[in-house]
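What follows is one structure encoded as structure tokens, with my remarks underneath.
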Amino acid sequence: MSEQALPIEAFHHHDEEGTRLGFWLFLFTELLLFGAFFIIYSVYRSSYLGDFKLAAESLNTTIGTVNTIILLSSSLTMVLSLDAIKRGASGLSKTFLLFTIALGTAFLVIKGFEWAAKFDHHLFLQTSNGIAAGKGSPLLNPGAEMLPPGQVLFFGLYFIMTGIHALHIIIGAVWMLIVYAWTARGSINKDNYGVLERCGLYWHLVDVIWIFLFPLYYLVA
Amino acid sequence: METAGSQSYLSTHTSSRWNRGLLSWFMSTDHKRIGIMYGFTMFSFFGLAVCLGLLIKLQKLFPGSSGWEIIPPEMYGATFTLHAVIMIFLFIIPGAPAVLGNFMLPLQIGAKDVAFPRVNLLSFWLYCFGAIMAVVGILLGAADTGWTFTPPYSINTRSISIFGGDFDSISWMLTAVFILGWGTILTGINFIVTIHRMRAKGMTLFRMPLFTWSIYAASWIQVLATPVVGISLIMIVLERVMPIGFFDPTKGGDPILFQHLFWIYSHPAVYVMILPSMGLVSEIIPTNSQKPIFGYKSIAIASCSIAGVGYLIWAHHMFTTGMSDTASIIFSFLTFFVAIPTAIKVFNWLATLYKASITLTPGMLFALGFIFNFSIGGLTGMFLGSLSTDIHLHDTDFIVAHFHYTMFGGAAFGLIGGIYHYFPKMFGKMYSMKWAKASFAFMFVGFNSLFIPMFVLGFYGMPRRYQTYPDMPIFNHFQMASTIGSWILGIGVVLLLTTWIRALLSGEKTSEMNPWNSSTLEWQTATPPTLYNFEEEVEITRHPYDYETFREEVKKGTSIGATNE
Amino acid sequence: MTTQEQSQSARTPIIVFSALIFLTITTVLLSGLDVGDTGAIIVAMSIATIKALLVLTFFMHLNHEPLIFKLFVALAFVTLLTLFLLTFSDYSFRGM
């Protein structure tokens, strides 16, 4: 019984629960990665309490709240999309997926405007001793006011943390586009929706991280 | 009945277009091939870093006033940085899990492969990519921050390219370490899922061999600690290219915070290095004693508690940094707890040896060497964990000797012993016993004569990372003893690598399934293992180290691998 | 598939979503209160933790997963919490 040699993957029965377990482990690495940021934030907040509160006042709570609601809604549509595919309604699933992508994009657009406003106010890339590059530099803009170190740290952290969060939103949105195409092709269906499920888990984790980012930057002024 | 799965994994087996020559290895998702590829790459880097280490020791032969200069002062920092970065990030952190974990873990639990074979290959590619980046980066730019990248020096220093001009080799290296980190994270995820989901029928958690247990504990550290250091290193890169000052005191940042984040990973990481080697020792000792390991459960649980306690003690690297005294006291106190599970293991190994009929195979010699060296390394760690002695010994050669005793005399000896132990199973070839034992003798003697003098030097105040030292008898004599030791160790390493290469090229072929007569599952299959590891579904009915039942099974011909013979 | 079943399965996510929105508005409104700095952090972080737990349990379906998943998630969060506590064993006592 000599037979055609098969690639080793062919001998694996597909273990959906195992794959999900592995994906959760990957999510923990994301959690710890942001966890390091939260540690840095807390340490500097405790050292520069006044500066952090002052700096946080320049962030617009309304925009932050709107973005939170947008992201929570996108999580809801993601759940509904997975729910639809489990019931075999691929069309509905795709619609909800599109909603999720649209909400994610809306989040990014609003974030983009917020960032742009901060750039205009010279709140980025500025250091207390005036040795700085970028648009906000007092060297380039002699009129710009100097920020104390605590506020520079606040805005540095704000840009890095929301920036890396936004990067995750972009990755999630691209992934959802792929999932959309696969659903349209039929390779994601009632009996095989693991990819959509994991994409959803990723999206919800990004949401969880925002749930903590939001009060730390917008509410504790 | 020649099916694809019954061929040796070493023969060309895929039907894909990647079935010729080296590509059939580089594109293979077979855990055994990936393990061997890791082995070759890692030990090449090991050889390179040993040469750098010898060079460093040669420099130390001459005091400053002698006029002899092997490494000029401005290159000395770059030399030990390169030595450390290669040894730590490219050799000992991937270490035993990458080589023997990949190869043996599925065999030990009766699985056909790891849970995500393609992710496993991705890990290896990330490792290769990161390794090339790190080595190119440091060769072009001569970074001299040490492997700890401590700011503010790592933020402010600018390295000069050897080809002239500015080359930011520190950012390169930081990014490379970040990429290497993702390689080990993915390996860790793979192993945890494999252990939870792919054990053979009857392989309960407490029937798993101890090497698998130690890999399990180490994998959790890789998953939960690596991201923290990854992001801190990326923040250093950002600080280098943008004027933000997270860790730069002139911009309001706190450099000690970086050290916290760095050691949150890098302290548990030393257990990523040592735990798998402890697991290998726990395999080698019962095999060569032909009796059950003493206190199986306590060793398994000790592995997990070492990993757990390992999380709580990172700041004992930072007693002299200006951290708060309260924190120093808490961390010093917690540090002593890690000695408990470690000592449990050592006593269990010794109790296993008691009244056993011991065979001194090369693997066993290295395992015994491990126990000796690691006991010294562990006990001197207690000196350093005590606040007052640490003030005296911090940043001296004493620390250098301490961590070489744990990392080289411990982790690397364990890994080398493991490779000697599993060599015939992996390749179906046998090495020369005489050469193998000679390599142990030289390495053991050389290692101890290299590093014992460094304890004394450190005690007398010889700082680490210094290119030179004053011309005083106490320094001269011990430095010379240490350098001569390094030559003996060098001969040992050359013997080691030649023994392996000779065995691979012209070693005696063997298809003996179980040359050391071991009772664990990985030996109960063909040598070298077939592509799918086991010919039929295996079912486990006994404890892994139950030698009495094992001998009965072999006599009756009912052991798992009996059909293969 | 009847409409009743459909609305049945969509009910839990919508209830959870409503709770999340309610908590978001609550936390914004409460941030206006003057409860001191520590008080504000405690309030904000408690509400955020409840929200995160809701997302983890219902949106990420941890409630339907086997015990091992829950233990793993608990392990990850306990690790993070430990790192926080031990780091602050330094920063809470600086300069003392």
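Each value in this text was obtained by applying a stated rule to the coordinates, not by laboratory testing. Here the structure is a predicted model, which means the values were calculated and not measured. Don't worry about glycine lacking a Cβ; one is built from the backbone with ideal geometry, like all the others, and counts go over all protein chains shown.
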Tell me, how many Å apart are the Cα centres for the stretch B:293-337 and for the stretch B:167-221? 21
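Between B:Ile474 and B:Ile132, what length in nm is gained on full extension when 0.36 nm per residue of separation is reduced by their alpha carbon distance?
119.0 nm is the gain from fully extending B:Ile474 to B:Ile132.
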Peptide-level mean, for A:158-169, of C-beta atoms on other protein chains within 10 Å: 1
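Where Rh denotes the Kirkwood radius from the mean inverse Cα pair distance, what is Rg over Rh for chain B? Spell out each step's value before the answer.
On the way: Rg = 23.5 Å, Rh = 24.3 Å.
Dividing the radius of gyration by the Kirkwood radius yields 0.97.
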Across peptide B:224-232, what mean number of C-beta atoms from other chains lies inside 10 Å of a residue's C-beta? 6
So what is the relative contact order for the stretch B:281-419, in percent, with contacts set as C-alpha pairs under 8 Å and at least six apart? 33
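Based on the mean of other beta carbon atoms within 10 Å per residue, what is the order of B:266-279, B:79-92, B:331-344, most packed first?
Values: B:266-279: 26.9, B:79-92: 22.9, B:331-344: 18.1.
Those peptides, ordered most packed to least, come out B:266-279, B:79-92, B:331-344.
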Between B:Arg502 and B:Arg118, how many nm apart are label points set 7 Å from Cα along the C-beta direction? 4.4
Under 13 Å from the Cβ of B:Ile399, count the other residues' Cβ atoms, weight Lys and Arg +1, Asp and Glu -1, and hand me the total. -1
Using a Förster radius of 22 Å, what is the FRET efficiency between B:Glu535 and B:Glu512 based on their Cβ-Cβ separation? Nearest 0.05, please. 0.80
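When only Cα pairs under 8 Å and 6 or more residues apart are kept, what is the percent relative contact order across the stretch A:32-219?
Rounded, it is 29 percent for the stretch A:32-219.
What does the net charge come to around A:Arg45 if you take all other residues with beta carbon closer than 10 Å to its beta carbon, with K and R at +1 and D and E at -1?
On the way: positive: A:Lys53; negative: A:Asp51, C:Asp37.
Net charge around A:Arg45: -1.
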What is the distance in Å between the Cα centroid of the stretch B:359-406 and that of the stretch A:142-199? 45
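Would you mind getting me the FRET efficiency between A:Ala106 and B:Lys355? Use the beta-carbon distance for r and R0 = 60 Å, nearest 0.05.
On the way: r = 74 Å, r/R0 = 1.23.
With R0 = 60 Å, the Cβ-Cβ based efficiency is 0.20.
Could you quote the convex hull projected area for the stretch A:44-100, Cα atoms only and averaged over all directions, in nm²?
Working: hull surface 21.5 nm².
Result: 5.4 nm².
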Extension gain (nm, one decimal) between B:Leu139 and B:Met382, 0.36 nm per residue minus Cα-Cα: 83.8 nm
Summing -39500 (n - 2.57) over every DSSP H run of at least 4 residues in chain C and dividing by its residue count gives a helix-only mean residue ellipticity at 222 nm, to the nearest 500 deg cm²/dmol, of -27000 deg cm²/dmol
Can you give the average number of partner chain beta-carbon atoms within 10 Å of each beta-carbon in peptide C:46-59, as a whole number? 5
At 4 °C and 1.567 mPa s, what whole-number value in µm²/s does Stokes-Einstein give for the translational diffusion of the protein assembly as shown, with Rh from the Kirkwood sum over Cα pairs? 44
Between B:Ser44 and B:Tyr466, with labels modelled 7 Å along Cα→Cβ, what's the label distance in nm to one decimal, could you check? 3.9
Quick one: dipole size for the stretch B:19-564, taken about the Cα centre, charges +1 on Lys/Arg Cβ and -1 on Asp/Glu Cβ, in debye to the nearest 20. 1240
Taking r as the C-beta separation of B:Met430 and B:Phe347 and R0 as 51 Å, the FRET efficiency to the nearest 0.05 is 0.95
Part-to-part distance (alpha-carbon centres) for the stretch B:28-61 and the stretch C:62-90, which is given in Å: 36
Rank by packing, highest mean first: peptides A:190-196, B:393-399, with packing defined as the count of other Cβ atoms within 10 Å averaged across residues. B:393-399, A:190-196
Using the count of nearby Cβ atoms within 10 Å as a rough guide to exposure, how do B:His316, B:His402, C:His61, B:His392 rank from fewest to most? B:His392, C:His61, B:His316, B:His402
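Going by average Cβ neighbours within 10 Å, how do the peptides B:137-146, C:36-45 rank, with the highest at the top? Spell out each step's value before the answer.
Values: B:137-146: 20.7, C:36-45: 14.6.
Going by the mean number of other Cβ atoms within 10 Å, highest first, we get B:137-146, C:36-45.
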Between C:Ala19 and B:Thr549, what is the label-to-label distance in nm when each label sits 7 Å out along the Cα-to-Cβ direction? 4.7
How much length, in nm to one decimal, is gained on full extension between B:Ile301 and B:Met27, taken as 0.36 nm per residue of separation minus their Cα-Cα distance? 94.9 nm
Roughly how tilted is helix B:362-385, in degrees to the nearest 10 and between 0 and 90, from the longest Cα axis of chain B? 40
